[in-house]
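These notes concern the structure reproduced below.
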Amino acid sequence: MARVFVTGSSDGLGKMAGQLLVEQGHSVVLHARNEDRAKEAMRGVPGAESVVTGDLSSIRLTRGLAEQVNRLGAFDAVIHNAGIGYRSSKRELSSDGLPREFAVNTLAPYILTALIEKPRRLVYLSSGLHHQGDASLKDLLWEERPWQGLQAYSDTKLHDVLLAFAVARRWPTVLSNAVEPGWVATKMGGPNASDDLDQGHRTQVWLAVSEDAAAKVSGEYFYHMRRRAPKGETHDVSLQERLLEACAKISGVELPA
């Protein structure tokens, strides 16, 4: 039995991942943005061990979430599932003055990775849209560019792959991978999504707990339990390091060696 923490698990793919993990006999800690959502999460995943709360758009609350997780003890895996979508018509700022997409999709998984005690495995949810992400890493906070919600989302999904690969390189004892779940009909994906919803959560669970040799790899990008080629720039070590440096500067949190 493995012990797994899943962010953003009150609905969508996070909830489905939690349900599958419990079904397989694993111990699962859920995450929700607030207490009301936490109650929904526990109702939605019967058998879950517990739930922790924290709004990932806030640096302070994300740091607090990491403290809550560490108080619960060691985890075998963390699935960085939480994310917000691509339909924003304007640049909406977090309490820290950051675009909400960047705060939740990029900075929060970086902070949690840096502050939660190292698990054996890390899984980061990306998207096929990461191929459209801006690999220049210029204007990360959209202070100069005219706002484009889809591009902002795509950028953050590129960041998630860069983060997964950077961690795989820096922490050789931890298996760190990125997942493309497909365009599936969750609240974020919308009703017109064309990929198989039942496949949307299985790869991240497999990478988190499976003893299959194919799952016990690091620094890879997966789609439906198969390796897939990510955007070429994601393997650029200097680009990975630039993202880590930017996240450290913005958050005040350094990724441990």
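The values are calculated or read from the model by the stated rules, or taken from the named source; none is laboratory data. Nothing here was measured: the structure is a model prediction, and the numbers come from that model. Glycine also receives a Cβ, built like all others from the backbone with ideal geometry; neighbour counts cover every protein chain displayed. Just the protein is used for accessible areas: all its heavy atoms, side chains included, with ligands, DNA and RNA removed. Shrake-Rupley method; radii C 1.70, N 1.55, O 1.52, S 1.80 Å.
Descriptive notes on the structure:
- Test for ASP11: is it modelled with pLDDT under 95, of a type in the set (Asp, Glu) and open to solvent by 10 Å² or more (accessible area, probe 1.4 Å): yes
- Hey, GLY85 in contact (Cβ under 8 Å) with a residue 60 or more places away in the chain, open to solvent by less than 60 Å² (accessible area, probe 1.4 Å) and within 22 Å of MET16 (Cβ to Cβ) or not: yes
- The range 33-44 - residue that is touching a residue at least 24 places away in the same chain (Cβ under 8 Å) and farther than 17 Å from GLY85 by Cβ and, of those, surrounded by the most Cβ atoms within 10 Å (Cβ to Cβ): ALA41
- Near pairs, Cβ below 7 angstrom, 6+ apart or cross-chain, from the range 244-257 (within 14 Å of PHE102 (Cα to Cα)) to any residue that is small (Gly, Ala, Ser) and modelled with pLDDT of 95 or more: LEU244/ALA166
- Within the range 124-139, being buried (at least 22 other Cβ atoms within 10 Å of the Cβ) and part of a loop (DSSP other than H, G, I, E, B) holds for SER126, SER127, GLY133.
- Test set (1) within 26 Å of GLY200 (Cβ to Cβ); (2) touching a residue at least 24 places away in the same chain (Cβ under 8 Å); (3) in contact with a helix residue (DSSP H, G or I) (Cβ under 6 Å, 6 or more places away or on another chain) - ASP55 fails condition number: (2)
- Within the range 198-235, the set of residues being free of Cβ contacts under 8 Å to residues at least 60 places away in the same chain and among the acidic types (Asp, Glu) comprises ASP198, GLU211, ASP212, GLU220.
- Number of the exception - LYS187 against (1) among the basic types (Lys, Arg); (2) modelled with pLDDT of 95 or more; (3) outside any helix (DSSP H, G or I): (2)
- Members of the range 106-118 found to be touching a Lys or Arg at 6+ places or on another chain (Cβ under 7 Å) and open to solvent by less than 10 Å² (accessible area, probe 1.4 Å), listed by number: ILE111
- Residues located in the range 14-32, provided they are free of Cβ contacts under 8 Å to residues at least 40 places away in the same chain and open to solvent by 70 Å² or more (accessible area, probe 1.4 Å): GLN19, GLU23
- Failed item, numbered, when ASP76 is tested on (1) touching a Ser or Thr at 6+ places or on another chain (Cβ under 8 Å); (2) open to solvent by 20 Å² or more (accessible area, probe 1.4 Å); (3) modelled with pLDDT of 95 or more; (4) more than 19 Å from TRP142 (Cα to Cα): (1)
Residues are listed down the side, and each one gets a yes or a no for (1) over 17 Å from GLY128 (Cα atoms); (2) surrounded by 20 or more Cβ atoms within 10 Å (Cβ to Cβ); (3) at pLDDT below 95; (4) within 16 Å of the chain's Cα centre (by Cα):
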{"site": "GLU180", "(1), (2), (3), (4)": "no, yes, no, yes"}
{"site": "PRO191", "(1), (2), (3), (4)": "yes, no, yes, no"}
{"site": "ALA208", "(1), (2), (3), (4)": "yes, yes, no, yes"}
{"site": "LYS216", "(1), (2), (3), (4)": "yes, no, no, no"}
{"site": "ARG228", "(1), (2), (3), (4)": "no, no, no, no"}
{"site": "ALA248", "(1), (2), (3), (4)": "yes, no, no, no"}
